[in-house]
Each structure stands twice: as C-alpha cells, then as structure tokens.
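A short write-up of the structure that comes next.
Where a number appears in this text, it was derived from the coordinates with a stated rule and is not lab data. A quick note: this is a predicted structure, and the numbers were derived from the prediction, not measured. Cβ coordinates were reconstructed from backbone atoms using ideal geometry, including for glycine residues, and neighbour counts include every protein chain displayed.
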Amino acid sequence: MIHLSCQHIHDWTYFTEGNAHVILKYSGNDPTLAGYVLRLTKNISDQQLPDGFHTDFRQHIITTLLGSKYLDHMIHVQVTPEFIKTINDKIHNDRPSKRRSVLIHPSSHASLMKNWTLYYAPEDTWTFELKPKWGFLPKSVHIDKKHQQLKRTKCRFCMHQRLRQQHDTTDNMKSSALHDYCPLDLYSDNPQRIRKALTSSLTQPHNYLKLFHNGQLVPHTHWRSTFPLLFNHQQQQQQQQYSGQTCAKISTTTVGMGHDHWINMMVDVLVKILTEDPILKILKRLQQSLDEYDVEGIYPLYQKYGQQPTHDINHWKYIVEQFMGRELQQNLNDGHKKNLDRDKGTGLKNMDDEKEELQRLYEYLISMTLKDCSVMICMTKGIRNRQGDTALPSTTSRAMVESSGHCFQYHIKVVDVDMKKWNKIPFWFDLDKRIIQYNLQQEQQQRHGQICLD
Ligand SMILES: [Zn+2]
C-alpha cells in the first residue's frame with residue numbers, strides 16, 4: 001500500500017477537477033509513479049465505505065458490465081490528513097475560482113490512476129474527455145401519463161439544459177453551444193448525427209467535452225488553432241529542422257485552410273472512432289436496461305425500502321449477476337418473440353416481489369453512475385514509413401482509424417465510475433419533477449423546441 005504524507009507534497013501539482021474529485025498529477029522522480037494521477041474526493045459518503053471500496057466497485061461491477069478493455073486498475077493509496085490540508089493550500093490558486101469553496105475532504109479517498117492525457121508519451125497524445133450523459137428516452141410504464149409524451153420526445157439532457165438556461169440567460173456562449181447539441185445524436189450510431197453533435201461541440205465547446213494535449217488542458221478558445229497541429233505534427237517536427245522559410249510556408253498553408261477545415265478534419269476522425277468502437281452503444285444499452293422503471297418508478301421504491309446496505313461488494317456482484325441473467329433471458333426471449341414487451345417495464349408481473357424491487361433500486365444506482373461517466377478518447381498520429389505502411393508507437397493498443405490520408409492510433413477508457421449514493425434518489429426525483437414542470441410549461445406556451453430522436 002502506498003502512503004502519501006507531507007513529505008510528498010512537492011511531487012503533486014493541480015491537474016483538473018469535476019464535481020466530486022480533484023485530480024493531481026505527478027511531477028516527481030519516482031519512475032513507478034510517473035504517468036499517474038492522484039484522485040482525491042471532495043465529499044465522502046455518509047455511510048463509511050471500507051477502504052478500497054471504490055476500486056472494488058470499479059473493478060468488479062463496472063468492469064464486468066462494460067468490459068475490461070475500457071477500465072484499468074485503480075490503486076487505492078493512503079494519504080494523511082496533513083497531506084490533504086497542505087495540498088488544499090498549495091493548489092488553491094490553481095483551481096477555477098467557482099470551485100474553490102469546496103475543499104478536498106480531510107478523510108478523502110485517494111487513488112492512483114493512469115494519466116490518460118499522456119497515454120502515448122513520449123509520443124504526442126491528444127485526449128478528448130467526453131461526458132456523454134443520458135443516451136435514451138425512457139419508456140417506463142411508471143411514468144405519470146401527463147409526462148409520457150414529453151419524456152418520449154425530449155431527452156433528459158436537452159430538457160435539463162432548457163431549465164438551466166432559464167437561470168443562465170446571460171451565459172450566451174453556453175446557451176448557444178448547447179442549442180444544437182443533443183447527446184442522443186452522439187449515441188445514435190448514425191455517422192451523420194454523430195457528426196452533427198461533434199461539429200456543434202467543437203465549434204462552440206461546452207462543459208461536456210474537454211481537450212488535453214500532452215497532459216495539458218487546452219482552453220476552448222485555442223481549440224481551432226490547435227487542431228492543425230494534430231494533422232501536421234510529424235510534418236512540423238521535420239520542418240522545424242529546416243529553414244524558417246519552409247516553416248512559414250507550412251504555417252501559411254495551415255491558416256489558408258481556414259478553421260472550419262480543421263474542425264471538419266477533427267470531426268471526421270472522431271466520427272470514425274465513435275462508429276468503430278462500441279463504447280457508446282454499450283453505455284446506452286446498459287443505462288437503459290438498468291433503468292427500466294425511470295426515477296418516477298424508482299422513487300416510490302426508495303420511499304418503501306429506504307437506503308440499502310452498500311458496503312458489501314459481494315452483494316453488488318450478486319446484483320450484476322441477476323441483471324446479466326435477466327438480460328440473457330430477455331435476449332433469448334426476443335429471439336423467439338420479437339414483440340416481447342421489455343420496454344414497458346419488464347418485471348411488472350413481479351412488482352409485489354420485494355426481491356425484484358430491491359434489485360431494481362440497486363440497478364438504478366448503477367445506471368446513474370453510467371449516465372455520469374466520462375469517456376476518454378486518447379489518440380496519436382500513426383507514422384507512415386517509406387513503404388507506405390503505418391508504423392505505430394510501441395504500445396499494446398492497435399486500434400487505428402484513417403481519415404483524409406491521416407492515420408491515428410486510438411484508445412478508449414471510461415473514468416468517473418464511482419458508486420452513487422442512495423440519498424441522491426430523492427434529489428434526482430425532485431430534479432426530474434422540476435425539469436418536467438418547466439418543460440411542460442414551455443410546451444404549453446407553444447415553445448416546442450427540438451424533438452430528440454432515440
Ligand atoms: Zn436531446
């Protein structure tokens with residue numbers, strides 16, 4: 001077990017953060033830690049989880065569902081309260097001002113993870129961190145009849161954005177960025193629709209897509225001017241050895257192409273990756289089948305049973321086994337009887353069955369984790385040798401895409417897959433109610449907005 005105390009403070013610097021975690025990157029000299037990040041939690045669960053629970057949950061629950069290629073081991077480490085206190089002081093000014101009020105918790109869970117933004121180091125590494133959010137329209141029979149039409153035509157993300165914009169009308173960039181963006185396009189497996197979602201995200205970036213280049217977060221304002229580097233990387237490295245005249249020529253060509261050209265090139269590559277790799281299809285299927293009741297069907301169960309024990313990883317394993325068994329059975333049934341009513345709330349006949357209801361409560365929490373995870377798309381440029389074959393950096397990843405004569409090697413990882421807390425269920429139910437009421441109001445006022453296609 002690795003222990004970190006105050007003597008290690010100088011080895012760690014601020015990297016990035018989300019709502020739940022602060023991520024530090026290693027800048028010390030220990031080769032075993034080089035290329036790792038340290039993840040520290042801002043809040044700890046009300047229920048005391050055993051040490052290493054998050055690593056177990058990730059390894060035994062999420063990995064079983066998503067597949068081992070998308071997740072790597074996370075190493076649980078022990079940190080002293082003094083380490084946390086000193087780190088909080090050290091990184092204060094490096095954190096975004098809006099996030100500084102929430103500190104890393106003194107009893108924070110700490111874990112080491114690979115730094116995916118340096119995946120191909122020392123080769124050039126480009127990493128898109130995508131938070132794809134909810135990928136389906138719910139069809140549960142537990143949804144109130146008054147909400148059904150809305151929930152079946154507008155996705156949760158788009159409805160939530162609409163509510164947010166009500167409170168956020170001054171933030172024009174955010175509002176306009178999300179105007180055309182619907183995650184269901186991204187999840188659609190249809191190249192044209194994926195292109196639409198990505199073009200919207202790359203031209204008017206939003207909080208659900210980040211870009212890192214060799215371990216550095218690239219600010220949104222620099223994206224357009226950064227993309228040519230990805231395509232010309234090898235060329236530029238070679239050219240830099242030559243005269244300034246040649247460099248200028250390359251640079252002029254790059255500018256002459258126009259920013260939209262490079263955005264289109266970037267979108268081409270990402271569309272190819274996202275249609276080739278099944279990760280979004282897997283996430284969509286799991287999010288949906290682990291949430292067949294919708295929060296409107298889950299909240300009454302939460303009221304009935306309350307918070308359930310969570311610290312026993314074996315029980316979570318049992319839940320996943322039951323879920324996978326049911327999926328398998330449904331697939332077999334679907335094979336025999338295409339019109340099996342699975343979307344209308346499978347298990348309805350067992351609604352009195354306490355075991356079934358508890359199973360659905362646990363499944364819902366897993367679904368909420370998968371609706372909030374991030375997909376890291378790491379890539380580097382393949383190098384053509386004299387024979388025209390593609391030479392790859394020496395890593396185990398062999399996935400390649402070719403676009404407009406450029407070859408890229410890529411690797412996809414899923415992060416942010418911690419267990420959600422039971423006490424979020426009333427919050428999610430309440431939020432759902434507010435989202436629905438606001439959107440119903442808008443519809444009544446004839447402000448229909450777009451329809452989201454599942
Ligand atoms: Zn939508």
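Assorted remarks:
- A DSSP coil position with no more than 13 other Cβ atoms inside 10 Å describes the following trypsin sites (Lys or Arg not before Pro) in region 1-101: R100.
- As a rough footprinting exposure proxy, the listed residues W12, W428 were ranked by other beta carbons within 10 Å of their own, and the order from fewest upward is W428, W12.
- Once C-alpha pairs closer than 8 Å and six or more residues apart are averaged by separation and normalised to the residue number of region 2-114, the relative contact order reads 37 percent.
- Residues in region 1-31 that a label on E82 would reach, taking backbone N under 17 Å of a point 7 Å out along Cα→Cβ: 3-12
- With R₀ set to 25 Å, the beta-carbon distance separating N264 from H222 gives a calculated FRET efficiency near 0.90.
- Straight-distance crosslink candidates among lysines, where the alpha carbon sits under 20 Å from K90 and sequence neighbours closer than 8 are dropped: K25, K42, K98
- Region 150-160 - phi-based ³J(HN,Hα) in whole Hz, Karplus 6.51/-1.76/1.60, Gly and Pro as x: 5, 5, 8, 10, 10, 7, 4, 4, 5, 5, 5
- The fewest-to-most ranking of H8, H315 by surrounding Cβ atoms within 10 Å reads H315, H8.
- Note, ³J(HN,Hα) from phi for region 103-111, Karplus 6.51, -1.76, 1.60, rounded to Hz, x at Gly and Pro: 8, 5, 5, x, 9, 3, 6, 10, 8
- Label point distance in nm, Q48-N190, each placed 7 Å from Cα along Cα→Cβ: 5.3 nm
- Cα→Cβ-extended label distance, 7 Å offset, between Q165 and T13, nm: 3.9 nm
- Stretching N29 away from H311 to a fully extended chain increases their span by 97.9 nm, per 0.36 nm per residue minus the current alpha-carbon distance.
- All aspartates and glutamates inside 13 Å of K210 as judged from Cα atoms, apart from same-chain residues fewer than 8 positions distant: E17, E129
- Across region 33-174, Cα pairs under 8 Å and at least six residues apart give a relative contact order of 29 percent.
- Available extension along the chain between L431 and N214 is 74.3 nm, counting 0.36 nm per residue and deducting the alpha carbon span.
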